[in-house]
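**Q** Below are the structure tokens for one structure; questions will follow.
The values are calculated or read from the model by the stated rules, or taken from the named source; none is laboratory data. From a predicted model like this one, the values you see are computed outputs, not experimental measurements. Positions of Cβ are backbone-derived with ideal geometry, glycine not excepted, and every protein chain shown enters the neighbour counts. To get the accessible areas, we keep the full protein, side chains included, count just its heavy atoms, and leave off ligands, DNA and RNA. Shrake-Rupley method; radii C 1.70, N 1.55, O 1.52, S 1.80 Å.
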Amino acid sequence: MTTSRTDEPITGTPPVAADSPDDDGARTSPAARRGLGAALGLLAALPAILGLVALWLDRDEPYFPFGDQAILALSVDAVGEHDVLLGAYSRFGWYHPGPMATYLLAGVYRVLGGATQAMAVGTLVIAGLATAVAVWLVHRRAGALPALWTVLVLALSVRMLGAGFLYDSWNPLLPVLPFLAGVLLCWTAILGNSWALPLAVVPMSLALQAHIGYLPAVGAVGAVLVLGLLLRAVRRLRRRNRPVPDGADRPRRALRWLVAVVAALALAALLWTPPLVQQVTGSPGNLGELAEYLLEGSPEDPAGLGTGLRGVADEFGKIPAYLVGAGSPDEPLLPEAWPPVAIAVGLAMFVLALADGVRRRREDVVWLGVLTLAVAAAGVAAIARIDGFTYTYLTRWTVVVGILAWTTVGVSLMPELRAVARRWAGPRRGDALLAVPLAVLATAAVLVTGLGTARATPPMTDVTGQIGRLEEAVLADLDQRGLRAGTDEPVVRVDFPGTTRPDDLVGTFWPGTGLVLELHRDGVDVQVSPFWRMPFGDRFTDRADDAGYVVTLAYSDGSSPPPEPWQQILLVDGELQVYGGVPPSP
């Protein structure tokens, strides 16, 4: 009897004298296997854990989110007090599908008492859980050596994404690692574990609600999932007259899958209730706006198939290039143009691994390869359709292509290497010959990535205290004027004037968002110009004309307009200065 029974046995697959779960389980107790899987998952999550430690150690230091981080923080703060039914805003005039990421971060925000670091803490927790789940799934399906290999691949990939990546709650980036976990859950479901099906709904919904750019990838993975489950059902029907292994009961197995499908549909309905409610009650309905954009919108200047192919091909070459010392290309646009030789090596290794899996009829390798190809094809299509500048963040999820490809290499070839090592050095020495250096490399990569994360400054965060000092100057002026003493406190409007600086299209908007957040957190009834309705929403723009006090955040080098006659300069701090005053009555 196996120690890791699935709902549907893999038939037609000859045994491999290698690192399969059954091979490990024959010599290791279930408790030991579970413990090893948990330990490997914890190792993979160590960079996120070190990031949490760094935030705790710096908890008394200045920490002021701004830009998209501050706007998201305003939405997180609103959960439980106001309706939050939409995702982040888009420059195309609609919102991303849903608020699931906001809800998840709001839980951490409440637990931490509204601390400004809560956004980064929540993002680190999500990233750590996702990486741990991904490695645990590989260990469960393929064994210890492929799981160690996956830890190494993940650590290198996260390091190449930048030291601050794990802190970043920006909606295109936060779902990257959960999406990877979702793909591996779908892989696990295809291989026969019904429990993975409803669980996969959670990270896939998170990715799609956070950023509509994940739609091609989620759709491609969903198509492979449906295909895999249908093929498994057909094969099961063809075997209906054969004995069932391990004394399993076919009706009971069918019931498990029925329960899994119903649970997945129910969970999806629950997670998608907020955007559906907005679609029905809102005017206009956001999902309708999105559908119209996707179906009727035609890119005026699409990136094209060549850019899409090269952009995805780069993902295969990143790890080989990194290992030989080739730095990350300093390129904000796709394709990033990683070395062609590295791309060729990565593609060759993936093709070799997939071909070996097909030759040996290993369903785990074949389906992991198929999922990798599906995500890659979705990446090509998504990049090719980008209109205008091909910023890397738009399809940052394509990094999952490289992670899946190199995981496929490990799942396929590690058993072969183990068999060779055992033949050459014997079972015990052969296992140690492969496992020890791989464990050392994986641990070293995790530590380097984790230390880089711990030393990094969270993206779009002021750790100098500048935003805090500017806000204190505004609060001091309000107090001096007696505008915070009574119950009838005025509406305070914050303006972000334009600038004569070249290539600066939004003036002081980015630091200004941080000032708005801090004033709101301190109980000020803050508003901004209706021009900024898309990022801030109606709640922070519909009473801007009622302002009884106006704050203007300007550059201090003279590139911003001077204060109004009824305003005074409250503070000059570095490249920023803040004006404040009571506007004349109309």
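**Q** Can you work out which of the residues in the stretch 505-532 that are assigned to a loop (DSSP other than H, G, I, E, B) and without any contact (Cβ under 8 Å) to a residue 40 or more places away in the chain is surrounded by the fewest Cβ atoms within 10 Å (Cβ to Cβ)?
**A** Ranking the qualifying residues of the stretch 505-532, first place goes to Leu505.
**Q** Looking at this structure, is Ala432 surrounded by 15 or more Cβ atoms within 10 Å (Cβ to Cβ), in a helix (DSSP H, G or I) and aliphatic (A, V, I, L, M)?
**A** So Ala432 fails the test.
**Q** Then there is this: Check whether at least one residue in the stretch 330-352 is assigned to a helix (DSSP H, G or I) and farther than 26 Å from Ala384 by Cβ, and report yes or no.
**A** Yes, the stretch 330-352 has at least one match.
**Q** Oh, and also: Take the conditions touching a Pro at 6+ places or on another chain (Cβ under 9 Å) and within 19 Å of Arg469 (Cα to Cα) and apply them to Thr541. Does it pass?
**A** No; evaluated as a whole, the condition is false for this residue.
**Q** Go through Val280, Val341 for me and flag whichever is surrounded by fewer than 12 Cβ atoms within 10 Å (Cβ to Cβ) and either more than 22 Å from the chain's Cα centre (by Cα) or not aromatic (Phe, Trp, Tyr) (or both).
**A** Unique residue meeting the criteria: Val280.
**Q** Here's a follow-up. Just give me the residues in the stretch 83-106 being open to solvent by less than 40 Å² (accessible area, probe 1.4 Å) and either among the polar types (S, T, N, Q) or in a helix (DSSP H, G or I) (or both), in sequence order.
**A** Ser90, Met100, Ala101, Thr102, Leu105, Ala106
**Q** Which of the residues spanning the stretch 187-246 are of a type in the set (Lys, Arg) and either assigned to a helix (DSSP H, G or I) or at pLDDT 95 or above (or both)?
**A** Result: Arg232, Arg235, Arg236, Arg238.
**Q** If Leu166 satisfies every condition in (1) part of a loop (DSSP other than H, G, I, E, B); (2) modelled with pLDDT of 95 or more; (3) closer than 19 Å to Asp462 by Cα but one, which is the exception?
**A** (1)
**Q** Exactly one of (1) closer than 25 Å to Gly87 by Cα; (2) touching an Asp or Glu at 6+ places or on another chain (Cβ under 9 Å) is unmet by Pro583. Its number?
**A** Here Pro583 meets the rest and fails (1).
**Q** If we keep just the residues of the stretch 142-163 that are within 14 Å of Arg34 (Cβ to Cβ) and not in a loop (DSSP other than H, G, I, E, B), which is least open to solvent (accessible area, probe 1.4 Å)?
**A** By that ranking, first place goes to Ala147.
**Q** Give just the number: which of (1) part of a loop (DSSP other than H, G, I, E, B); (2) more than 29 Å from Thr28 (Cα to Cα) does Ala120 not satisfy?
**A** (1)
Here is a yes/no grid of residues against (1) within 24 Å of Val400 (Cα to Cα); (2) out of contact with any Ser or Thr (no Cβ under 9 Å at 6 or more places or on another chain); (3) modelled with pLDDT of 95 or more; (4) not aliphatic (A, V, I, L, M):
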| position | (1), (2), (3), (4) |
| --- | --- |
| Phe66 | no, no, yes, yes |
| Ile71 | no, no, yes, no |
| Asp77 | no, yes, yes, yes |
| Thr116 | no, no, no, yes |
| Ala120 | yes, no, yes, no |
| Gly128 | yes, yes, yes, yes |
| Val133 | yes, yes, yes, no |
| Val138 | yes, no, yes, no |
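**Q** On to the next question. Only one residue in Val401, Val380 is touching a residue at least 12 places away in the same chain (Cβ under 8 Å), buried (at least 24 other Cβ atoms within 10 Å of the Cβ) and farther than 30 Å from Val551 by Cα, so which one is that?
**A** Val401
**Q** Working only within the stretch 461-492, note down all residues that are more than 29 Å from Gly581 (Cβ to Cβ) and open to solvent by 30 Å² or more (accessible area, probe 1.4 Å).
**A** Val463
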